[in-house]
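**Student:** Got a structure here, written out as structure tokens. Questions coming.
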Amino acid sequence: MSNPVAEHYGQPNLLERIDSAFASLGKDSAHLTTDDLAPVDQFHTGGMEATAEMARLGEISRDENVLDVGGGIGGPARQLSSQFGCHVTVLDLTEEFVRVGAALTPRVGLKDRVSFQQGDALRLPFPDASFDVTWTQHSTMNIPDKPLLYRELHRVTKPGGRMILHEIMAGPLQPIHFPVPWASEASFSYLSTPEVVQENITSAEFRQIKWIDASEHAQKWFLARIAALRESTPSPLGLNLILGERAPQCFQNVMRNLQENRARVIQAVFARP
Ligand SMILES: C[S@@+](CC[C@H](N)C(=O)[O-])C[C@H]1O[C@@H](n2cnc3c(N)ncnc32)[C@H](O)[C@@H]1O
């Protein structure tokens, strides 16, 4: 593997490590629910609650076709499908995530509604106007060419469809503290300010419907998580399976970046006219 982003995320044998974590909790990992998997497959601030909030903001409805770009091992995709009844295609750069996501999905009974494909957000392997909804959730922080990203998302979104995002962006004070969950160091982290992202998206001819700065809410969520972790024995099933020993430091740094105004969390909905 030569791509530093895929290398950062793609630690080997993830499925085997998830299986052993379930085994050590006395749980049969052949039959799972989206809730069972949430500690390891919702790789963003706010967990399942944030995913549901995005779906409500974007008015996702039954049987819509959603493309989740940078969908990781598929937690948001499986939740969207089970909770809101849509069909979801996950596209992700990291081969290991695509393999693990595809293996976990039948175990929650969603094989016919959620599919996985390896690929790059900057070269989406889909024809024009393929999806009712395009979705990114904490997946654009490693992408330098955001104007091209939003042109690609616009191209594959159907006219009348929506693009929904939940992303970490740059705060007014830079640089950020590293490591963070998306990068161990600065060479492959590309945060743009909310103003620049808004400009990139509207230049790609999306029309803004909703734009919410959720940074304060994200900070409260982190504080609650950090407090809960201090009070209980850490579970073997968590994002530590992806981030390894650096996980606590990565999360502390996201918290610190938010507190010091070096990072912002934005939720937004855009329409493709
Ligand atoms: C922090 S994870 C978020 C995963 C998922 N969206 C979630 O919320 O659980 C970021 C994801 O973005 C993916 N990613 C980064 N750059 C990408 C690119 N250029 N194209 C596709 N996926 C990308 C990574 O492989 C990783 O799975």
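The values are calculated or read from the model by the stated rules, or taken from the named source; none is laboratory data. Just so we're clear, the structure is a prediction, and the values are computed from it rather than from any experiment. Here the Cβ positions follow ideal geometry from the backbone for every residue, glycine too, while neighbour counts run over all protein chains shown. Accessible surface areas use protein heavy atoms only, side chains included; no ligands, DNA or RNA. Shrake-Rupley method; radii C 1.70, N 1.55, O 1.52, S 1.80 Å.
**Student:** Within region 80-94, can one find any residue that is near the ligand (Cβ under 9 Å from one of its atoms) and in contact (Cβ under 8 Å) with a residue 60 or more places away in the chain?
**Tutor:** Checked region 80-94: at least one residue is near the ligand (Cβ under 9 Å from one of its atoms) and in contact (Cβ under 8 Å) with a residue 60 or more places away in the chain.
**Student:** With the condition kept exactly as written, say whether any residue in region 209-216 is assigned to a strand (DSSP E or B), aliphatic (A, V, I, L, M), farther than 17 Å from residue 9 by Cα and open to solvent by 20 Å² or more (accessible area, probe 1.4 Å).
**Tutor:** Yes - at least one qualifying residue is present in region 209-216.
**Student:** I would also like to ask the following. Scan region 103-122 residue by residue and report those that are more than 9 Å from the ligand (Cβ to nearest atom) and either part of a helix (DSSP H, G or I) or at pLDDT below 95 (or both).
**Tutor:** Of everything in region 103-122, those that are more than 9 Å from the ligand (Cβ to nearest atom) and either part of a helix (DSSP H, G or I) or at pLDDT below 95 (or both) turn out to be 103, 104, 105, 106, 107, 108.
**Student:** How many of the residues making up region 100-115 are among the small types (Gly, Ala, Ser) and touching a Ser or Thr at 6+ places or on another chain (Cβ under 6 Å)?
**Tutor:** Qualifying residue count for the region: 1.
**Student:** Every residue in region 218-243 that is open to solvent by less than 40 Å² (accessible area, probe 1.4 Å) and in a loop (DSSP other than H, G, I, E, B), please.
**Tutor:** 237, 238, 239
**Student:** Taking region 200-228 only, how many residues are at pLDDT 95 or above, in contact with a helix residue (DSSP H, G or I) (Cβ under 7 Å, 6 or more places away or on another chain), farther than 12 Å from residue 167 by Cβ and hydrophobic (A, V, I, L, M, F, W, C)?
**Tutor:** Qualifying residue count for the region: 2.
**Student:** Something else about it: Tell me which of these residue 207 doesn't satisfy, since it passes every other one: (1) out of contact with any Pro (no Cβ under 6 Å at 6 or more places or on another chain); (2) touching a residue at least 12 places away in the same chain (Cβ under 8 Å); (3) over 20 Å from residue 142 (Cα atoms).
**Tutor:** The one condition residue 207 does not meet is (1).
**Student:** I've got another one for you. Could you tell me which of the residues 141, 169 is open to solvent by less than 60 Å² (accessible area, probe 1.4 Å) and part of a loop (DSSP other than H, G, I, E, B)?
**Tutor:** Sole residue among the options that is open to solvent by less than 60 Å² (accessible area, probe 1.4 Å) and part of a loop (DSSP other than H, G, I, E, B): 141.
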